[in-house]
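A short write-up of the structure that comes next.
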Amino acid sequence: MADFDPLNNISPLLPLLALLSLCLLPFIFFPIFRRQKQAPPRKNPTPQSYPIIGNLPGFLRNRHRFHDWVADMLSQTPTSTLQVNSFLNLSRGVCTANPANLHHLLVANFPNYIKGSRFHDFLHDLLGDGIFGIDGHLWTMQRKLSSHEFNTKSLRHFISDVVTSQLDQNLIPYLYTACNENRIIDLQEILQRFSFINICKVAFGVDIESMENSGFAKAFNDAVDICFLRFFAPIPAFWRIKRSLNIGSEKKLKESIKIIDDFAFEIIKSKAKQEQYDRIYPDWRNQDLLSRFMAKTSSEIEFDDEAKKRKFLRDIIISFILAGKDSTSTALTWFFWLINGHPDSDRLILNEVTTLDPTFTYDDLKSLNYLHAALSESLRLFPPVPINSRLTVSDDVWPDGTHVSKGWFADYSAYAMGRMEKVWGPDCREFKPERWLHGGDGVFKPFDQFKFPAFHCGPRTCLGKDMAFVQMKTIVVALMREFEIIAVDGGATAEKMMDPPYTLSLLLKMRGGFLVRLKKRGFNPN
């Protein structure tokens, strides 16, 4: 995904927005007056909010450090929860980093908090009716199908085999060449490309690099970026007008979606032919997700026509690509940056991974307790999805007393949660893998999921959590056994940890990439 700042061009619009606000004053104050009459007796904390313009000034000032700005405000409130007021009160909501609220939001009152129209409007062009943007029966059915497949041992081994094969054939040889040439490389970009190749192999069962339609990757990146821009538009009407007129970024989105659809439908068509072959030669059956879902839909789901079946499969697979394309690479980028700034942790990880046999297996990775702790600590501080959102169905009161009204958005910040002293103690901003080995026996022990929502919580917990750890561990072992990875910027110093270099994007990517040099070291850490 390209590095971009969705708000670079907002400042010149401020005078125009101010004039618009004055013109709309008569229409603004009357609805506000009516809402105040109906407001609950308790007032939610609302830092940095102003009449009419809401939180917009603070947002514009802090857009380069948005997630730290949110974390700072949440830490200043008594219960790590605040109310958000948008420009012209076009939308209102709450944001929390309180574990008790998170349990209420995602489990105790789960039916009251849905993806709803907000997600549908912003992401439907890309995701369609895929699992990550829907609710109700459609979500339940897809979750059931997905849960069954992700819990099969054969899929776990298939993913492990795909990652190992791509490491041996592509990534390690490429890194050896860069190392021999003493080149500075962008490890974030390289890991993004590697994870995209992997997810296409896992999801479609195809080698994306060997296919002529190479425009799929760029179209997918463009579509994700443009859909994300919609979330941060101060006035949503702007992008809706562009969509209706088919101009600017919305025109580009439409073109990108066509490329994505054409590519996906072509793959589905080829898989349908493969299914016929598989019935004759069942031992050759493919193990990728698309093949598995096609087999399930043929036996368990009825469709009115073939076009609806193909659309259903397209939406499911695009959702899985969105979930797996950059999440692992983003997590690993921050991991390598962190251990560059913490040499003691780097040494302990290296000592552990070099105990593995060169031909280590999927099951061998379970013994890497310190590596699992270090990856979890990295995810605590830099979750790939830093903030998530729901839409409120009915009025509600959270455990901390926060009032949430019908139609409000309800956000929870995994990034802020990792920086709450109330949750993690005074060393919450420090990288300490040892906090996950708190039993005294050196064995990894997880924390409560509502303190560590990097993989979300409750019924919508990420199905690929275990496989994400398998992929990350496999990549870390392979890279660290072969190379010393040296960050050009020195890695995560205490000063940089207070102002991390991330972009405002759908995922918490590193701003400017992660520039490194590689040095061969073999298998002996000493």
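The values are calculated or read from the model by the stated rules, or taken from the named source; none is laboratory data. Computed from a predicted structure; not experimentally measured. Note that we place each Cβ from the backbone using ideal geometry, even for glycine, and neighbour counts take in every protein chain shown. Calculation scope for accessible area: heavy atoms of the full protein, side chains included, ligands and nucleic acids excluded. Shrake-Rupley method; radii C 1.70, N 1.55, O 1.52, S 1.80 Å.
Normalised by the number of residues in the chain, the average gap of Cα pairs under 8 Å and 6 or more apart makes the relative contact order 24 percent. The protection proxy used here, the mean number of other Cβ atoms lying within 10 Å of each residue, ranks peptides 330-338, 344-352, 303-311, 232-240 as follows, highest first: 330-338, 344-352, 232-240, 303-311. Potential lengthening of the chain between residue 262 and residue 152 amounts to 36.6 nm, from the contour at 0.36 nm per residue minus the alpha-carbon distance.
With R₀ fixed at 45 Å, the C-beta to C-beta distance from residue 429 to residue 246 puts the FRET efficiency at about 0.45. Potential lengthening of the chain between residue 117 and residue 421 amounts to 106.0 nm, from the contour at 0.36 nm per residue minus the alpha-carbon distance. Among the DSSP helices (H) of the chain, those spanning at least 24 angstrom by Cα along their long axis with an average Kyte-Doolittle hydropathy of 0.5 or more are 215-231, 465-482; this is a geometric and hydropathy rule only. Taking all protein chains into account, the per residue accessible area for the chain stands at 45 Å² (1.4 Å probe).
When the label point is put 7 Å from the Cα of residue 43 along its Cα-to-beta-carbon vector, which residues of the range 391-414 have a backbone N closer than 16 Å? Answer for the range 391-414: 402-403.
The range 395-446 and the range 312-388 have Cα centres separated by 20 Å. Computed extension length for residue 274-residue 347: 21.5 nm, one decimal, from 0.36 nm per residue of separation with the Cα-Cα distance subtracted.
Residue ranges 291-300, 75-84 sort as 75-84, 291-300 when ordered by packing (mean number of other C-beta atoms within 10 Å per residue, highest first). The range 492-518 and the range 176-235 have Cα centres lying 18 Å from one another.
Take each peptide in 386-396, 422-432, count the other Cβ atoms within 10 Å of every residue, and average; sorted highest first, the result is 386-396, 422-432.
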